[in-house]
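Colleague: Take this structure first; my questions come after.
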Amino acid sequence: MTRIIKILILAILLFVPKVYGEETKDWTILKGDDFIVYYRPEVSEEFVRTVMDSAQESFKSVSENLNFRHYQFSSQNKHVLIYIYKDKSDYMTNGGQAGWSHGAALVMTKTIKTFPSDEGFFDTLLPHELGHIILHESLGPYADVPLWFDEGVAMYQEKAKRIEAIKVVQKALENGQFIPLSQLTDMRLYTNTERTTLELFYAESAGIVHFMITELGEGHFHKLCDELKQNTRFVDALPKIYMHINGLDDLNKKWVNYLKDVS
């Protein structure tokens, strides 16, 4: 799960005030239908074109996973902006990002910042960050979404992480370190949050969303998203859609029972 921290701790950045925007004079630009890629001259054009192709493919797969098949970015600020810095140092110094991350999703401006890396860049980082952006764009700016739900949806786009996350949560249950869903909902992440806490938070976030989609029904999950679009509070939307679940504690109980039974 340490790789998750390097790549996926990015949710912290969604809640840290930042000055958005980039000077464009030091960038080369590649424009597509849904994405504009700004990249340093040192970054190979072949890599950039692969980023563009992968981003477009991830856009389709994430939209389908979330049942937003006919989703399109709003006409205002239509494109997602992807900034590719030349290396990690450039990303940290000029991109204003932490050294433990490989990328950042800034959902308010539909911006992704990153740098060339061979550590799960195309099958992990891009789908994850687009998961954040598409979810927030689709639900609207006022949707009441817990941080674990936000991160869980983003991590659901990474197939390789699902089984690993379940194993981590099962181990936490055995060791008495499991965080109940009510507490998980109240959690906030900060740059000084302990690594073990971050790892468990991300694992549980991935695990509970996976459980809701695969075990409680994909259709119910999509209806939940539709209800959240109406600005219904998450705690109110949950029992409204899942009528056999009486709130977070009941959802937590069913999830724990599942974790104990699944191998």
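The values are calculated or read from the model by the stated rules, or taken from the named source; none is laboratory data. Not measured: the values here are computed from a predicted model. For neighbour counting, all protein chains shown are included, and Cβ atoms are generated from backbone atoms with ideal geometry for every residue, glycine included.
Colleague: Within region 59-75, does at least one residue satisfy the condition of being out of contact with any Gly (no Cβ under 9 Å at 6 or more places or on another chain), hydrophobic (A, V, I, L, M, F, W, C) and either modelled with pLDDT of 95 or more or under 17 Å from D87 (Cα atoms) (or both)?
Modeller: The answer is no, given that none of the residues of region 59-75 is out of contact with any Gly (no Cβ under 9 Å at 6 or more places or on another chain), hydrophobic (A, V, I, L, M, F, W, C) and either modelled with pLDDT of 95 or more or under 17 Å from D87 (Cα atoms) (or both).
Colleague: Shifting gears a bit: Looking only at helices (runs of 4 or more DSSP H) that fall completely inside region 173-263, which ones have 3 or more residues that are farther than 24 Å from H128 by Cα?
Modeller: Fully inside region 173-263 and qualifying: 234-241, 248-261.
Colleague: Looking at region 29-51, I want the residues that are on the phi > 0 side of the Ramachandran plot and free of Cβ contacts under 8 Å to residues at least 60 places away in the same chain and have a partner that is part of a helix (DSSP H, G or I) and exposed (fewer than 13 other Cβ atoms within 10 Å of the Cβ) with Cβ atoms under 8 Å, at least 6 apart or on another chain. Which pairs are those?
Modeller: The qualifying pairs do not exist here.
Colleague: Oh, and also: Mind checking whether some residue in region 214-222 is within 23 Å of S138 (Cβ to Cβ), among the hydrophobic types (A, V, I, L, M, F, W, C) and buried (at least 16 other Cβ atoms within 10 Å of the Cβ)?
Modeller: yes
Colleague: Anything in region 121-169 that is closer than 20 Å to F201 by Cβ, assigned to a helix (DSSP H, G or I) and of a type in the set (D, E)? List them, or say none.
Modeller: Across region 121-169, the qualifying residues are E129, D150, E151, E164.
Colleague: Further question: State the number of residues belonging to region 152-164 that are in contact (Cβ under 8 Å) with a residue 60 or more places away in the chain and either within 13 Å of L259 (Cβ to Cβ) or among the β-branched types (V, I, T) (or both).
Modeller: 1
Colleague: Right, here's the next one. F211 is checked against (1) at pLDDT below 95; (2) surrounded by 18 or more Cβ atoms within 10 Å (Cβ to Cβ); (3) among the aromatic types (F, W, Y) and fails just one. What number does that condition carry?
Modeller: Of (1) at pLDDT below 95; (2) surrounded by 18 or more Cβ atoms within 10 Å (Cβ to Cβ); (3) among the aromatic types (F, W, Y), only one is false for F211: (1).
Colleague: May I pose another question? Which residues, taken from region 7-55, are surrounded by 16 or more Cβ atoms within 10 Å (Cβ to Cβ) and modelled with pLDDT under 55?
Modeller: Across region 7-55, the qualifying residues are I7, L8, I9, L10, A11, I12, L13, L14.
Colleague: Looking at L238, is it modelled with pLDDT of 90 or more, surrounded by 19 or more Cβ atoms within 10 Å (Cβ to Cβ) and within 16 Å of the chain's Cα centre (by Cα)?
Modeller: For L238, the condition - modelled with pLDDT of 90 or more, surrounded by 19 or more Cβ atoms within 10 Å (Cβ to Cβ) and within 16 Å of the chain's Cα centre (by Cα) - is not met.
Colleague: Given the criteria farther than 22 Å from L106 by Cα and either buried (at least 21 other Cβ atoms within 10 Å of the Cβ) or not assigned by TED's automatic domain parsing to the domain that holds M108 (or both), does A160 qualify?
Modeller: yes
Colleague: I'm trying to understand the selection: among the residues of region 84-100, which are buried (at least 23 other Cβ atoms within 10 Å of the Cβ) and either modelled with pLDDT under 90 or in a strand (DSSP E or B) (or both)?
Modeller: Selection gives I84 alone.
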